[in-house]
Amino acid sequence: MGFFKFFISKTFWINVLIAIVIFLLIILGLTWSLTSYTTSGRTIIVPSLTGNTVRQIEEKITNVGLEYVVIDSIHRADALPGTIVEQIPAAGKTVKKGRKLFLTINAWSQEMVVMPQLVDCSLRNAQVVLETSGLRLAKIIYKPSNYDGLVMGQQCDGAPIKAGTKVPKGTNIQLIVGSGTGGNNVIIPELIGLTLAEAEIALKNDGLAIGSLIYDETVVRPDTLSAVVYRQNPGGDGADIREVGSEVSLWLTKNSDIVIDAMEEIENNRNK
């Protein structure tokens, strides 16, 4: 009976609580010690390597206990040849000692690709071929033709370029494409208030092409998708008639107030 009373006594439960607390403290202590052992002195903040050559960062990387692997080379006009342009993990990340950093360097010479034959191809097919060849479609020039959407010519910097010519990867290519509207004249459409994509569709539907693109300070390239036309030349007042294939220059902004003012000016001119 006395033994049973001991198990329900206050002294017994105090001892149990003390034992539980001691056990928890031991577990926490072991966990903290293990974490400290496995991470103390072994975590490193990744330094910034971009802009340096591999030779320049070798000693720096070794001294902090990291390793590196060059995985790729690309060509970038805004960086010096042979310098690091990309790194994984990024600078400022925390990694364990011995971690490998994967580096991309700027090539010493620009990669060259062969200009494909695009004449007599459809515009859609020509766009796919250009992309797979590593070239960029910079501009479409529409010309009167009975064959709508057929590529009639290919140019680089405004001059014809033959298939098989080697050019730097990423070169801008212009395509001359048939408008399918013969030799008719068309009225320049009103484009104020349209996005660049909408304006391009409107011009194409009338057999016209985009000329110069002038962006104001609110448009930060390459984010031009949301820019809106606030001025055009030739104007779209219904009085300007041009030949099919003519170009229309566009001024674009992201400032809605400028666009509204331009549209109000057009409306006022109509009411005069």
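The values are calculated or read from the model by the stated rules, or taken from the named source; none is laboratory data. Everything numeric here is computed off the predicted structure, so don't read it as measured data. Cβ coordinates were reconstructed from backbone atoms using ideal geometry, including for glycine residues, and neighbour counts include every protein chain displayed. Surface accessibility is based on the protein's heavy atoms, side chains included, excluding ligands, DNA and RNA. Shrake-Rupley method; radii C 1.70, N 1.55, O 1.52, S 1.80 Å.
Against the chain, whose longest principal axis comes from its Cα atoms, helix 123-132 is set at around 40 degrees. All distinct Cα pairs of the chain go into the 1/r average, and the inverse of that average, the Kirkwood radius, is 25.2 Å.
Sorting ILE57, ILE210 by accessible area puts them as ILE210, ILE57; the probe is 1.4 Å, largest comes first, and only protein heavy atoms count. Note on the range 17-116: Rg/Rh from Cα positions, Kirkwood definition for Rh, rounded to two decimals, is 1.32. The range 122-182 and the range 188-267 have Cα centres separated by 23 Å.
Across the accessible surface of the chain, with the other protein chains kept in place and a 1.4 Å probe, carbon and sulfur atoms take up 57 percent. Taking amide hydrogens as placed 1.01 Å from N in the peptide plane, the amide H of VAL219 sits under 5 Å from those of LYS254, each at least 5 positions away in sequence or on another chain. Applying Stokes-Einstein at 4 °C and 1.567 mPa s to the Kirkwood radius of the range 168-272, computed over alpha-carbon pairs, gives a translational diffusion coefficient of 88 µm² s⁻¹. Each residue of the range 150-166 was assigned a 3J(HN,Hα) from its phi angle through the Karplus expression (A = 6.51, B = -1.76, C = 1.60, θ = phi - 60°), giving 8, 6, 9, x, 10, 9, 9, 6, x, 10, x, 10, 7, 4, x, 5, 8 Hz with x at Gly and Pro. Derived scalar couplings between HN and Hα for the range 196-203 equal 4, 5, 5, 5, 5, 5, 4, 5 Hz in order, rounded to whole Hz, by the Karplus curve 6.51 cos²θ - 1.76 cosθ + 1.60 (θ = phi - 60°), x for Gly and Pro.
Projection of the Cα convex hull of the range 86-136, averaged over all directions and equal to a quarter of that hull's surface, yields 6.1 nm².
Across the range 85-92, computed HN-Hα scalar couplings (Karplus, 6.51 cos²θ - 1.76 cosθ + 1.60, θ = phi - 60°) run 10, 9, 9, 9, x, 6, 4, x Hz from first to last residue, x flagging Gly and Pro. Using R₀ = 30 Å, calculate the FRET efficiency as 1/(1 + (r/R₀)^6) where r is the Cβ-Cβ separation of THR224 and GLN127; round to 0.05. About 0.95, to the nearest 0.05.
Its relative contact order, with pairs defined as Cα atoms under 8 Å and 6+ residues apart, puts the range 159-266 at 34 percent. Based on protein heavy atoms only, the chain ends up with 64 Å² per residue of surface accessible to a 1.4 Å probe. Under the simplified labelling scheme, the ASP148-ASP237 pair shows an inter-label distance of 3.2 nm, with each label point 7 Å from Cα along Cα→Cβ. Overall shape: oblate for the range 99-256, with the ratio a/c of the largest to smallest alpha carbon gyration tensor axis at 1.5 or above and b/c at least equal to a/b.
Beta bridges per DSSP, both residues in the chain: antiparallel share near 60 percent. Amide H to amide H, with H built 1.01 Å from N, ALA227 comes under 5 Å of LEU196, counting only residues 5 or more places away or on other chains. Just to be sure I follow the rule: in the range 29-160, considering lysines 8 or more places apart or on different chains, how many pairs have Cα atoms under 22 Å apart? Lysine pairs meeting both conditions in the range 29-160 amount to 4.
Could you tell me whether the range 106-194 comes out rounded, prolate or oblate from its Cα gyration tensor? Rule is a ≥ b ≥ c as square roots of the eigenvalues, rounded for a/c under 1.5, then prolate if a/b exceeds b/c, otherwise oblate. Verdict is prolate for the range 106-194. Pairs of lysine residues in the range 146-272 that meet both criteria, 8 or more places apart or on different chains and Cα atoms under 29 Å apart, total 4. Model label sites at ASP157 and VAL113, defined 7 Å from Cα along the beta-carbon direction, differ in position by 1.9 nm.
In terms of accessible area, using a 1.4 Å probe and ignoring ligands and nucleic acids, PHE23, PHE102 rank largest first as PHE23, PHE102. Once both labels are positioned 7 Å from their Cα atoms along Cα-to-Cβ, the gap between ALA77 and TYR215 label points is 1.5 nm.
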